[in-house]
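Here the structure comes first, spelled out in C-alpha cells, and everything after it is commentary.
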Amino acid sequence: MANSSNTRIQRLYAQNETTWGTIPNTTGVATLAGSNCCRMSALDIQLSQQEIVRSDKTGSLGITMGILGRRQVTFTTKMSLAPNGAAGTKPDLDPLLTALMGKAPTIVASTSVTYGLDDQSPSVTLWDFNTPGTMTQRCTMGAIVKTGKFDIGVDEPTVEFTGQGLAVLDTDIFATADTISKGGLTAFPTEPASPVTNGTPPPGFTGTITLDGNTYSTYRTGTITVDVDRELPMDGFNSFYGIAPAAGLRNVTTDWSMYDDDSATLQSLKQKAFAGTPVTLAFQIGTVAGSTWLFTLKNVLLAKPKFDYSGKRRVVAFSACRAHDTTIGAKAAITIAVQ
C-alpha cells in the first residue's frame, strides 16, 4: 500500500542566496541545516507552464497540440510573527524579511534587530519537506518576495509573504532536471534530522499603538502591507524561465479601525486626515524584551475617516494610509524592529 502525506506534517526551510538562482551549496552539496527551519501555517509553491497553441487554420475546428511555453513559479507562505526570544538575535523568518525589505538587518547585540528598506532584490531558496520522506520533496530557488502583509491587533500576529521563484526542483524530476532547475546541486538533499525553530509570538493584542505621537488604547485591529512590486520578467529571449529580478515602486500602506471618542488627540488625527498633514505611526506588538515587534511608518498621509455604526460602539476606520520616504532616497517609509 502506498503511503500518503498528512498536510499538517509539512516543514519550511528558508535560506538566503548569495547569487540569485543558486541554492546555497558547497561543491554541489546543499548547505541546508536544521537551523534554517521556520514554522509556518501555510506554504504553497506552484509551477505553471502554458501550452502555446498554434493559430494556423487546419480546415477543422479541432485544436492542434501545441508546444510548451515558459515556466512560471509563484509562492505564498503564512506564519506567526515569532521573534527569536533573545534580544539582538535574528528571527527564524529573517530570510523572508530580508528578501521583502531589500537588505540584511542592522543588529545591535542583546538589544534589537532592525529591518530597513533598500532598492535591492535579495533572493532566497525555499524548501518544502513533507513526511514520509518517500513523498515528493520540493524547493524553489531564486525566490523573490513581492508583498508582505502583517496583521496587527489579532490574537495571533501573522505575516503572509507572496512572490515568484526562478524554478521548482523536486525529488521526482531531479535526474532529468536541467541546469537552471538544479540550482547548482548535484543531488537533492535529505531533510535535516533535527529541525530547530525559535521563539513564541507575543499576544497580538498587547503592546503600544502610537499614532502621531499619541498612545491609543482604543485601537482594534489592522494590517500593514509592504508591496515592493518585484517580479521575474517572463519575456527574456531564449529562456523558459524568468530573468533577473526587477523591482517597481514600493507601496507601504496600513489599514486599521478604532473606537471613536471625543478626545482631543483623536480629533487632531481626524483633522490631519482632512488637511493632508503627514504623520508618523508606530505599532508595537508585545511587551516582553526580546519578543516585541515595532513597525514604524513615516510620512503617512491618512485616508479620510469612515464611520461604522453596526456595533454597540461607533467605530472609526482609516484605510489605505500610505507611508512615504522622508526625503528623496531616504528609503525610510517603514522600519521593522525586533526588540
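Read-outs: derived from the displayed coordinates by stated rules, not from any lab. All values reported here derive from a predicted model rather than from experimental measurement. Here the Cβ positions follow ideal geometry from the backbone for every residue, glycine too, while neighbour counts run over all protein chains shown.
Label positions at SER217 and ASP178, each projected 7 Å from the Cα along the C-beta direction, are separated by 6.3 nm. With just the Cα atoms defining each centre, how far is the stretch 6-60 from the stretch 165-217? Give it in Å. If we compute the Cα centre of each part, the gap is 11 Å. One quarter of the convex hull surface built on the alpha carbon atoms of the stretch 202-339 amounts to 11.8 nm², the projected area averaged over directions. Normalised by the number of residues in the chain, the average gap of Cα pairs under 8 Å and 6 or more apart makes the relative contact order 19 percent. Tell me which of LEU100, GLY148, ASN214 sits at the most positive position along the dipole axis of the stretch 95-214, charges placed on C-beta atoms (Lys, Arg +1; Asp, Glu -1). Toward the positive end, the furthest listed residue is LEU100. For the stretch 200-300, the dipole from Cβ point charges (+1 on Lys and Arg, -1 on Asp and Glu) about the Cα centre works out to 200 debye, to the nearest 20. Calculate I(q)/I(0) for the stretch 189-252 by the Debye formula, one identical point scatterer on each C-alpha and no solvent, and give its log10 at q = 0.20, 0.21, 0.22 Å⁻¹ to two decimals. The calculated log intensity ratios at q = 0.20, 0.21, 0.22 Å⁻¹ are -0.92, -0.94, -0.97. The orientation-averaged projection of the convex hull spanning the C-alpha atoms of the stretch 1-96 amounts to 12.2 square nanometres. Picking from TYR216, TYR241, TYR309, which is most flexible by a Gaussian network model of the chain using Cα springs under 10 Å? Judging by the Gaussian network model, the answer is TYR309.
Largest first and in whole Å, the equivalent-ellipsoid semi-axes of the chain read 40, 25, 19, each the square root of five times a Cα gyration tensor eigenvalue.
Placing unit charges on each Cβ (+1 for Lys and Arg, -1 for Asp and Glu) gives the stretch 171-257 a dipole about its Cα centre, and among PRO192, THR176, MET234 the Cα reaching farthest toward its positive end belongs to PRO192. Placing a label point 7 Å from the Cα of SER194 along the Cα-to-Cβ direction, the residues of the stretch 35-63 with a backbone N closer than 16 Å are 35-37. If you wrap the stretch 146-275 in the convex hull of its Cα atoms and look at it from every side, the mean projected area works out to 13.1 nm². As an exercise, use a Förster radius of 22 Å and the Cβ-Cβ distance of SER110 and THR287 to find the FRET efficiency, rounded to the nearest 0.05. With a Förster radius of 22 Å, E is 0.75.
Connecting C-alpha atoms closer than 10 Å in a GNM of the chain, tell me which of ILE173, ILE52, ILE107 has the biggest fluctuation. Largest GNM mean-square fluctuation: ILE52. Based on C-alpha pairs under 8 angstrom that are at least 6 apart in sequence, the stretch 135-289 has a relative contact order of 27 percent.
Take the Cβ atoms of THR225 and LEU68, set R0 to 35 Å, and the FRET efficiency comes out at 0.50.
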